[in-house]
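Engineer: Have a look at the structure that comes next, please.
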Amino acid sequence: MTHTDYSLLARQLEALLDGRDWLTNSAQTCAFIMQQVPDLNWVGFYLQRQPELLTLGPFQGKPACNPIPFSKGVCGAAGRSRQTQRIDDVHAIADHIACDAASNAELVVPILCGEALWGVLDVDSPLRGRFSAADQEGLEALVEVFVRSSELPDLPLAW
Ligand code: SME
C-alpha cells in the first residue's frame, strides 16, 4: 500500500489555507487532497444545508449525485452516525450510491461544527482496499486542519 506522509500534508495544507473563508478553503482542500494523495478518482464536500440532507459542495472529479439524504449511502451513514466510514469494497454495501463507476473504495469523514454536523468529506478510489487505518487517521487530520482554518457558518444555513 502506498505510504503517504500525512503530517507533511497537514503542514502544507495549513500553509495553503491562509484565509478563513470556508468556500475558498473547502475548494482548496479537495484540490490539494486530489493532487497529493495517490490513486483517488473523486474528492469532495457534501454540506448539511438543510436538516438531514447532504448537498454537493466543492469537489474534484466527475459530476456527482446530489442531494444525498442521511438515510442513504456511505455519506448518509457518516452523516447520521458521525463516524468515519472506511469501505474497502463499495459494491459490498447494499445502499452505496454509485456516482462514478470507477470508484471501488471510499472513505467518508464527518465534519462537525460545535454540536452540529456541518458536512462530510468524501474520498473515492478505484483501488479496492485503498484506505488503511493510517489513511483514515491522516485524512481525518487534514479535515481537522480545514475546520481549524475556516469560519464555518452555523445551521440553520442561510447561505
Ligand atoms: N458513494 C457515495 C455517494 C457520493 S459519490 O461517491 C461522490 C455514497 O454512497 O454515499
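Engineer: Please turn the phi angles of region 105-113 into ³J(HN,Hα) values with the Karplus equation 6.51 cos²θ - 1.76 cosθ + 1.60 (θ = phi - 60°), one per residue in order, whole Hz, x for glycine and proline.
Structural biologist: Rounded to whole hertz, the list is 10, 8, 10, 10, 10, x, 10, 9, 10.
Engineer: Can you list residues whose amide H is under 5 Å from C65's amide H, if they're 5+ apart or on another chain and H is modeled 1.01 Å from N?
Structural biologist: For C65, whose amide H was placed from the backbone, there are no distant partners under 5 Å.
Engineer: Apply the Karplus parameterisation 6.51 cos²θ - 1.76 cosθ + 1.60, with θ equal to phi minus 60°, to every residue of region 47-58 and state each ³J(HN,Hα) to the nearest whole Hz, in sequence, with x for glycine and proline.
Structural biologist: 10, 8, 9, 10, x, 6, 9, 9, 9, 4, x, x
Engineer: Would you order L56, L121, L23 from fewest to most other beta-carbon atoms within 10 Å of each residue's own beta-carbon?
Structural biologist: Values: L56 18, L121 27, L23 13.
Ordered by Cβ neighbours within 10 Å, fewest first: L23, L56, L121.
Engineer: Could you give each residue of region 32-42 its phi-based ³J(HN,Hα) in whole Hz, using Karplus coefficients 6.51, -1.76, 1.60 with θ = phi - 60°, and x for Gly or Pro?
Structural biologist: With coefficients 6.51, -1.76 and 1.60, one gets 4, 5, 4, 6, 9, 9, x, 6, 10, 10, 7 Hz.
Engineer: Right, here's the next one. Amide H of R49: which non-local residues (sequence gap of 5 or more, or other chain) have their own amide H closer than 5 Å, using H built in the peptide plane?
Structural biologist: T55
Engineer: So which GluC sites (Glu not before Pro) in region 47-131 end up in coil per DSSP with only 13 or fewer other C-beta atoms within 10 Å? Show your work: numbers first, answer last.
Structural biologist: Values: sites: E52, E106, E115; in loops: E52, E115.
Those that pass, being in a loop and sparsely packed, are E52, E115.
Since every read-out is calculated from the coordinates, none of them should be taken as a lab result. From a predicted model like this one, the values you see are computed outputs, not experimental measurements. Cβ sites come from the backbone with ideal geometry, for glycine too, and all protein chains shown count toward neighbours.
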